[in-house]
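**Student:** Let me begin by handing over the structure; questions about it come next.
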Amino acid sequence: MAFECQENIAVGLTKNPVNTVHNSCKEEVELNQFNSPNTQKYLTFDSNTDTRVSGEPKTILEIHPKSGISASCSAKSLPLNEVLSNYRHTITDLPPALISEILNCLDPKELGVVSCVSASLYRLASEHHVWKEFYCDRWGHPIAPAPQGTEYSDEKSWKELFVEREFRSKIFMGRYGIDVLYGHTEAVRTVFLLSAKKLVFTSGYDQIVRMWEMEEGLSIASSRPLGCTIRAVAADTRLLVAGGTDGFIHGWRAEEGHPYLFDLRGPQNQNKEFRLWEHDGPITCLALDLTRIYSGSWDMTVRVWDRSSLKCLKILMHNDWVWSLAPHDTTVASTSGSDVHVWDTNSGTQIAVISNAHVGNTNSLARSHTGNLLFTGGDDGAVHMFEITNRAVGHVRQVATWIPHSGPVYSLAFEFPWLVSASSDGRLSLIDVRKLLKKSGYCSMVKPSRVINTDQRDVEPPQRMLHGFGCNLFAVDIGSDRIVCAGEEGVVRIWNFSQALEIERRVRALRGIRLENRMRRRKLQTEMTSKGGRTDQCSVAAKKNQLNGDRNGWHHKRGVSGKLKA
């Protein structure tokens with residue numbers, strides 16, 4: 001431990017802090033005696049006793065910066081090395097398990113500050129496993145994770161992945177370009193952005209599923225007409241599913257070696273395509289995870305399907321039309337009428353319900369990668385944020401509310417830290433939820449609420465509103481640097497923020513150059529002032545006096561002329 005010496009510092013050493021005898025006596029020890037490697041000095045004391053209660057002796061060191069170190073102690077003798085050894089420990093001397101637990105309690109910013117203290121702490125903080133937790137809590141598992149334990153690996157560490165992704169999340173406040181995709185002949189009801197393969201899937205009233213290339217905005221393929229309006233699309237790298245108003249789920253399996261995963265143009269192939277019929281009403285929402293397919297319908301049910309056998313495993317009954325759903329792990333959240341439900345998919349039981357979440361229908365739902373945060377949008381134009389604080393007992397609390405729209409909110413998408421909403425008023429709102437999350441991390445032993453208890457008056461409005469659409473935006477999705485939306489116009493728009501990152505880097509570089517030039521000018525100015533400061537001061541004073549003299553003369557002449565006129 002490190003401590004700062006004042007003019008007079010007393011350091012007490014005691015074996016028993018409860019029962020002590022204070023023996024005050026002094027012996028002067030010069031500072032240079034601590035530097036002798038060959039001799040071991042002892043502190044000896046007279047028995048000038050001030051008895052309080054019986055117990056162990058107490059030792060007091062008094063450090064004087066000028067005269068040396070004086071020791072007040074009992075009659076026992078202690079080696080100086082033993083006395084000072086207690087003050088040479090640092091945090092790195094603690095057991096690794098304890099250090100790991102301490103670092104677990106820090107958030108990313110605090111962990112970065114700790115890594116700047118010393119080389120050893122930099123290594124401990126940079127290689128700590130908590131960076132993986134930070135990354136996965138925000139954005140889920142990356143496509144190509146960086147292996148740990150390889151010191152000279154060319155792949156990025158979890159800390160580097162986190163820092164890069166955190167920096168990229170700021171680009172949605174920067175400049176953007178808009179790509180407009182034409183191809184649909186009627187209104188577009190659903191969009192899905194598969195960022196892993198840079199693909200966009202859209203569909204709507206024209207009954208066709210279209211696939212687009214995200215970077216260039218080019219149409220890649222389109223399916224044959226599926227026979228009814230397609231209101232929901234979901235995809236991953238192995239499966240693409242679309243839900244129709246006739247109550248079926250049409251699916252395509254990925255083909256090995258295919259450049260765009262799915263062959264939408266090819267003839268119908270039972271090995272690559274399938275159709276599921278069990279819903280009795282239009283399918284309004286779809287979602288996928290590693291083992292299951294989730295579908296919601298106006299028949300007031302959510303069905304859970306097995307991906308391999310394509311059999312229905314669970315039927316979750318609601319009391320109104322199902323509008324949206326969002327699965328996570330063994331739970332699925334769904335909206336029905338104006339209510340929000342949370343279900344256990346293994347047992348089929350309801351964990352929690354939020355009654356009357358919105359005035360009117362709760363049309364849209366989004367969920368964080370951790371599954372603890374729920375976002376809802378409804379007919380009242382409001383967006384609510386909820387936190388599931390205890391899944392076992394189904395405790396859900398409302399955190400914040402925004403009212404960014406003048407019409408119903410039809411779609412929500414969340415990619416940490418940005419929540420995007422699309423509304424019938426033809427606008428998109430971007431909301432940053434970082435300030436609502438707790439600054440401090442959590443220990444592995446206890447995981448409390450991660451959201452700050454804030455007053456609704458302290459909740460900031462949406463950070464950005466995007467305009468330029470017609471009315472009725474039905475669908476929106478967000479990726480790492482893209483926002484995709486579509487609606488009644490029948491066109492798909494991709495808001496491209498990828499250039500904002502390069503612009504931000506250029507701005508930072510220019511800012512650094514300006515700062516460097518400013519410091520260089522200040523240095524040169526200081527050197528010039530120090531060399532000829534006296535003569536410069538005299539010349540400046542002479543110029544000031546000259547100006548003052550001219551002004552006095554002008555006023556004097558003016559006064560004389562005035563007297564002559566009088």
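**Student:** Kindly indicate whether V302 is touching a helix residue (DSSP H, G or I) at 6+ places or on another chain (Cβ under 9 Å) and of a type in the set (A, V, I, L, M).
**Tutor:** No: the conditions fail for V302.
**Student:** Farther than 23 Å from S324 by Cβ and of a type in the set (K, R): is that true of R168 in this structure?
**Tutor:** Against the criterion (farther than 23 Å from S324 by Cβ and of a type in the set (K, R)), R168 qualifies.
**Student:** Could we say that V342 is farther than 16 Å from Y410 by Cβ and crowded, with 21+ Cβ neighbours inside 10 Å here?
**Tutor:** For V342, the condition - farther than 16 Å from Y410 by Cβ and crowded, with 21+ Cβ neighbours inside 10 Å - is met.
**Student:** Just to verify a result, which residue in region 413-424, among those that are in a strand (DSSP E or B) and open to solvent by less than 20 Å² (accessible area, probe 1.4 Å), is nearest to L193 (Cα to Cα)?
**Tutor:** Per the criteria, the residue is A413.
**Student:** Conditions first: (1) open to solvent by 50 Å² or more (accessible area, probe 1.4 Å); (2) at negative phi; (3) outside any strand (DSSP E or B). Q207 passes all but one, so which condition is the exception?
**Tutor:** Status for Q207: all satisfied but (2).
**Student:** Moving on. Would you mind stating whether G371 is over 22 Å from P462 (Cβ atoms), within 23 Å of the chain's Cα centre (by Cα) and open to solvent by less than 10 Å² (accessible area, probe 1.4 Å)?
**Tutor:** Answer is yes for this residue.
**Student:** A further question on this structure: I need the full set of residues from region 218-250 which are of a type outside the set (A, V, I, L, M), in contact with a strand residue (DSSP E or B) (Cβ under 6 Å, 6 or more places away or on another chain) and either under 22 Å from V302 (Cα atoms) or not in a strand (DSSP E or B) (or both), in order please.
**Tutor:** C228, R231, D236, G243, G244, F248, H250
**Student:** Restricting to region 285-307, count the residues that are over 23 Å from A475 (Cβ atoms) and open to solvent by less than 10 Å² (accessible area, probe 1.4 Å).
**Tutor:** The qualifying residues number 1.
**Student:** Using beta carbons and a limit of 7 Å, which pairs, at least six apart or on different chains, have the first residue in region 497-517 and under 26 Å from W418 (Cβ atoms) and the second one open to solvent by 90 Å² or more (accessible area, probe 1.4 Å) and at pLDDT below 90?
**Tutor:** F497/Y176; Q499/R175; A500/R175; A500/Y176; I503/R175
Here's the yes/no breakdown for (1) of a type in the set (A, V, I, L, M, F, W, C); (2) closer than 30 Å to I354 by Cα:
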| site | (1), (2) |
| --- | --- |
| A242 | yes, yes |
| Y260 | no, no |
| R265 | no, no |
| W277 | yes, no |
| T284 | no, yes |
| T335 | no, yes |
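**Student:** Look at region 247-266 and say how many of its residues are among the acidic types (D, E) and either modelled with pLDDT of 95 or more or closer than 14 Å to M211 by Cβ (or both).
**Tutor:** The total comes to 2.
**Student:** Another question, then. Here is a check on your reading of the model: is T237 more than 29 Å from V507 (Cβ to Cβ), touching a residue at least 12 places away in the same chain (Cβ under 8 Å), of a type in the set (S, T, N, Q) and open to solvent by less than 30 Å² (accessible area, probe 1.4 Å)?
**Tutor:** no
**Student:** In addition: Take region 253-284 and flag every residue that is in a strand (DSSP E or B) and crowded, with 22+ Cβ neighbours inside 10 Å.
**Tutor:** Scanning region 253-284 gives I283, T284.
**Student:** Show the residue pairs that are 6+ apart or on different chains and have beta-carbon atoms under 7 Å apart, the first residue being within region 200-216 and under 18 Å from I249 (Cα atoms), the second being part of a loop (DSSP other than H, G, I, E, B) and open to solvent by 40 Å² or more (accessible area, probe 1.4 Å).
**Tutor:** G204/E186; Y205/E186; D206/T185; D206/E186; Q207/P225; Q207/G227; I208/P225; M211/Y260
**Student:** Can A196 be described as in a loop (DSSP other than H, G, I, E, B), open to solvent by less than 60 Å² (accessible area, probe 1.4 Å) and within 26 Å of L288 (Cα to Cα)?
**Tutor:** For A196, the condition - in a loop (DSSP other than H, G, I, E, B), open to solvent by less than 60 Å² (accessible area, probe 1.4 Å) and within 26 Å of L288 (Cα to Cα) - is met.
**Student:** Still on this structure, please answer the following. So V191 ticks every box in (1) under 30 Å from C285 (Cα atoms); (2) at pLDDT below 85; (3) touching a Ser or Thr at 6+ places or on another chain (Cβ under 7 Å) but one. Which box is left unticked?
**Tutor:** (2)
**Student:** Now for a different question. Being modelled with pLDDT of 95 or more, surrounded by fewer than 17 Cβ atoms within 10 Å (Cβ to Cβ), among the hydrophobic types (A, V, I, L, M, F, W, C) and touching an Asp or Glu at 6+ places or on another chain (Cβ under 9 Å), is that true of even one residue in region 315-327?
**Tutor:** Within region 315-327 (the criterion being modelled with pLDDT of 95 or more, surrounded by fewer than 17 Cβ atoms within 10 Å (Cβ to Cβ), among the hydrophobic types (A, V, I, L, M, F, W, C) and touching an Asp or Glu at 6+ places or on another chain (Cβ under 9 Å)), the answer is yes, since at least one residue qualifies.
**Student:** Taking strands (runs of 3 or more DSSP E) that fall entirely within region 454-566, which contain at least 1 residues that are modelled with pLDDT of 80 or more, within 26 Å of the chain's Cα centre (by Cα) and among the β-branched types (V, I, T)?
**Tutor:** 473-478, 482-487, 492-496
**Student:** Residue pairs, Cβ under 6 Å, 6 or more apart or interchain, first in region 357-385 and over 18 Å from H341 (Cβ atoms), second crowded, with 24+ Cβ neighbours inside 10 Å. List them.
**Tutor:** Final answer for the pair search is D380/H358; G381/H405; V383/G377; V383/S421.
The values are calculated or read from the model by the stated rules, or taken from the named source; none is laboratory data. Fair warning: this is a prediction, and the values are worked out from it, not measured in the lab. Positions of Cβ are generated from backbone atoms using ideal geometry, with glycine treated the same way; all protein chains shown enter the neighbour counts. Note: accessible area is taken over every heavy atom of the protein model, side chains too, but ligands, DNA and RNA are not part of it. Shrake-Rupley method; radii C 1.70, N 1.55, O 1.52, S 1.80 Å.
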